[in-house]
Amino acid sequence: PREEVAYVTCTYRETCIDQPDFLATIDLNPRSPYYSQVIHRLPMPNLKDELHSSGWSAGCTCFDNITTKRNKLILPCLISSRIYVVDVGSQCRAPKLCKMIEPVDVFWNCNKGYLSVVHSLPNGDILIANMGDPAGNGKGGFIVLDGETFELKGNWENECEAPPTGYDFWYQPRHNVLISSAGLVPKRAGRGFNPDDLKKGVFGRRLNVWNLSCRTLTQCFDLGEDSLPLSVKFLHNPDAAEGYVSCALSGIVYRFYKCEANNWAVEEVIRIPAKDVTGWIMPKMPAFTVDLIISTDDKYLYLSNWLHGDIRQYELSKTCKPRLVGQVFVGGSILRGGPVTVCRDEELKCQPEPLVIKCKRVYGGPSKLQLSLDGKRLYVTNSFYSTWDKQFYPTVVKEGSVMLQIDVDTEKGGLTVNKNFLVDFGKEPNGPCLAHDIHFRSGDSTS
């Protein structure tokens, strides 16, 4: 069925508004009088959590048991390291908080902090990746929640296996593999982007390959200094032994794939060149690809280019040679009339025009993506992380972020901004907020 509601994580951290973060419920039914509006807000009990990623307690397609339902949404907090469990099953349009795990439990039981991406495991448990230790030093790995009681079970990997940094992950049970990305060191990059941090190990460089059943690290790929691999996705086909990882600072997308003797390999398949600029923090502006998603039929790959401002659609008939078939600008740092001047651009002939929807100028750049199950509607928010939002897009922090809909040509490829859809988080009752992760109750391309 077509998606009718979306759950979006929203934060007030760095906005100077002393209000708790909340989970917004968005009406996505075009026939509804509340279409593209926030119809419910579930505030958290604490301040400055930085709600970031979210994930379902059960992925229906991962189980033979057809009774498994998406009834609980897990909200790990990037800054506080708290974990919220939200009941969306009782009233899907008015979710309720049903459990909370305090940071001290995560710190003492797991020696972990700065929680990021969450997915359900094939055995029903819930896996949450982390970026650091309680003090904010870089430390990768995962913590596990019981899939029924949501009690904290401890670390997933052995202590000696924890990578130096972590952020995202994805897995393929039929190949007994989990692959995770690197992220960054929270206490350094968490204060904002500083060019002086480059070449000092603050930004990750590794892609990690894990044995899913043994929970051991089997291979590591060095993707280059300060490459910052963030988003990891396998193809949806459960037999497929390949996927992609996007590197935010290098602008490179690598394909990883299984080869002989259960070993894995990586190859560069997409490279988005940096732009030579003036009026910016550095003379070269990297693409900074925040998110990568794949359509459920494995036909298209989508990238959000947070700094340059475009969303890209690649056709995957030859998975080793993705072909760019769609591109649309929805903000960014290189818009015409802004403070940044592009001196040399390998791709564009001129700087893009600003985007205006329903009389609102859209600032910021595309961050988190979510795709409908039929692949025809791509939704996007424009908050990456509150501290970096404040640094690179202060207008977004002042006026609030937005959620947009991009219409997708699923036959030939192509992207078009839907001018009838706008969720304006600048009009929230408690003041403008920053919106990030998106999930649909009926299923989406990332769960």
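The values are calculated or read from the model by the stated rules, or taken from the named source; none is laboratory data. These numbers were taken from a predicted model, which means no experiment stands behind them. Here the Cβ is made from the backbone with ideal geometry for all residues, glycine too, and neighbour counts use every protein chain on show. Surface areas here come from the heavy atoms of the whole protein model, side chains and all, with no ligands, DNA or RNA. Shrake-Rupley method; radii C 1.70, N 1.55, O 1.52, S 1.80 Å.
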Open item on the list: Quick check: Cα centre of region 274-319 to Cα centre of region 381-398, how many Å?
Closed with: 18
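In the structure shown, do any of K275/K360; K299/K427; K48/K72 have a Cα-Cα gap over 31 Å, and if so which? Mind dumping the intermediate values first?
Details: K275/K360 27 Å; K299/K427 37 Å; K48/K72 23 Å.
Beyond 31 Å between Cα atoms: K299/K427.
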Task: Separation of alpha-carbon centers, region 167-200 and region 234-260, rounded to whole Å - done: 15
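Using a cut-off of 11 Å between beta-carbons, work out the net charge of the residues near H175 (Lys and Arg +1, Asp and Glu -1, H175 not included). It would help to have the intermediate numbers written out before the result.
On the way: positive: R174, K258; negative: D239, E242.
With Lys, Arg at +1 and Asp, Glu at -1, the neighbours total 0.
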Task: Tensor-based shape of region 281-360 (alpha-carbon gyration tensor, a/c under 1.5 rounded, otherwise prolate or oblate) - done: prolate
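Using a 1.4 angstrom probe on the protein heavy atoms only, could you order H119, H436 from most to least accessible area?
Details: H119 30, H436 5 Å².
Greatest to least solvent exposure: H119, H436.
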Open item on the list: What is the distance in Å between the Cα centroid of region 401-425 and that of region 322-352?
Closed with: 18
Open item on the list: For a quick check: with amide H placed at 1.01 Å from N, whose amide H comes under 5 Å from H52's, ignoring anything fewer than 5 positions away on the same chain?
Closed with: L78
Open item on the list: Can you compute 3J(HN,Hα) from phi for each residue in region 32-47, using the Karplus curve 6.51 cos²θ - 1.76 cosθ + 1.60 with θ = phi - 60°, rounded to whole Hz and x for Gly and Pro?
Closed with: 7, x, 9, 3, 6, 10, 6, 9, 7, 10, 10, x, 7, x, 10, 9
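Relative contact order for the chain: what is it in percent, counting Cα pairs under 8 Å that are at least 6 residues apart?
Values: 1262 pairs, mean separation 53.1, N = 447.
Taking the mean separation of contacting Cα pairs over the length of the chain, I get 12 percent.
Quick one: which of 326-332, 236-242 comes out on top by average Cβ neighbours within 10 Å, and what's the full order, highest first?
Values: 326-332: 22.7, 236-242: 14.1.
Ranked by mean Cβ neighbours within 10 Å, highest first: 326-332, 236-242.
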Task: Spin-label pair S317/N237, simplified geometry with 7 Å Cα→Cβ offset, distance in nm - done: 1.5
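If Lys and Arg each add +1 and Asp and Glu each add -1, what is the summed charge of the other residues whose beta carbon sits under 10 Å from the beta carbon of D133?
Combined, the nearby Lys, Arg, Asp and Glu give +3.
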- [ ] Identify all aspartates and glutamates with a Cα-Cα distance to K99 below 14 Å; exclude those on the same chain that are fewer than 8 residues away in sequence.
- [x] D87, D146, E148, E151
Task: Cα-based convex hull, region 1-110, per residue volume (Å³, whole number) - done: 123
Open item on the list: Strictly over 20 Å apart at the Cα level, which of K321/K412; K376/K412; K112/K199; K139/K187 would you flag in this model?
Closed with: K112/K199
